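The values are calculated or read from the model by the stated rules, or taken from the named source; none is laboratory data. Quick caveat, the model's predicted, so the values are computed rather than measured. When we count neighbours, we look across all protein chains shown, and the Cβ atoms used for this are built from the backbone with ideal geometry, even at glycine. Calculation scope for accessible area: heavy atoms of the full protein, side chains included, ligands and nucleic acids excluded. Shrake-Rupley method; radii C 1.70, N 1.55, O 1.52, S 1.80 Å.
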Amino acid sequence: MPIIDFKSVGIKTSTFLSGSSKPKKVPIGIITPLRLGSMNGDIFEMNTSLKKTLNDNFKNMLLTNHGERLAMFDFGANLLPLTMEVSAFDKEEFDADAVIRIKTTAAKYMPFLELKTFISKIDHYDNKNVGKIKIRVTYDIPRLQVIDQIQEVTLFIGG
């Protein structure tokens, strides 16, 4: 009777190819705002798509003001001071400054973005006394062949 060593035994090709386990998606970045991870073992919810990660990073860049990012004083669009500078809010002046600030910070920290359009509108929907301004930026990421991405952020008008 021959002796067979299990070290030399392989796996049937059909069993190997029809594996029941799905390949785990590699996490690229943390989703913001932070959320606890699900059953997959991550501490926080993670982006597994480069497109979603870049969209999330662009949103964070729009909402960040100078001095808020450690070791990168000039990171961010620095839009909050624009909403606080004048007592009588001038939308045209805000739009002109905001576009320049967004273009400058995107060129420095996310040069792969191709900014397309900027739209802002004042929103008094849920309160007539507190002004909010919604900013919508449309952009492309040519290297990833991603087109017509939209990022919208809301800022409170003060001053």
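A compact table of results
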read-out: Among (1) buried (at least 16 other Cβ atoms within 10 Å of the Cβ); (2) at pLDDT 95 or above, the one test that I100 misses; value: (1)
read-out: Which listed residue is without any contact (Cβ under 8 Å) to a residue 40 or more places away in the chain, among the hydrophobic types (A, V, I, L, M, F, W, C) and at negative phi, from V137, V99; value: V99
read-out: Any hit, region 107-129, residues being modelled with pLDDT under 95, among the polar types (S, T, N, Q), out of contact with any helix residue (DSSP H, G or I) (no Cβ under 9 Å at 6 or more places or on another chain) and open to solvent by less than 90 Å² (accessible area, probe 1.4 Å); value: yes
read-out: Residue count for region 69-90, restricted to those that are surrounded by 13 or more Cβ atoms within 10 Å (Cβ to Cβ) and not aliphatic (A, V, I, L, M); value: 7
read-out: Top-ranked residue of region 28-84 - restricted to ones that are among the β-branched types (V, I, T) and over 22 Å from D95 (Cα atoms), ranked as modelled with the lowest pLDDT; value: I43
read-out: All positions within region 33-54 that are closer than 25 Å to R101 by Cα and open to solvent by 40 Å² or more (accessible area, probe 1.4 Å); value: P33, L50, K51, K52
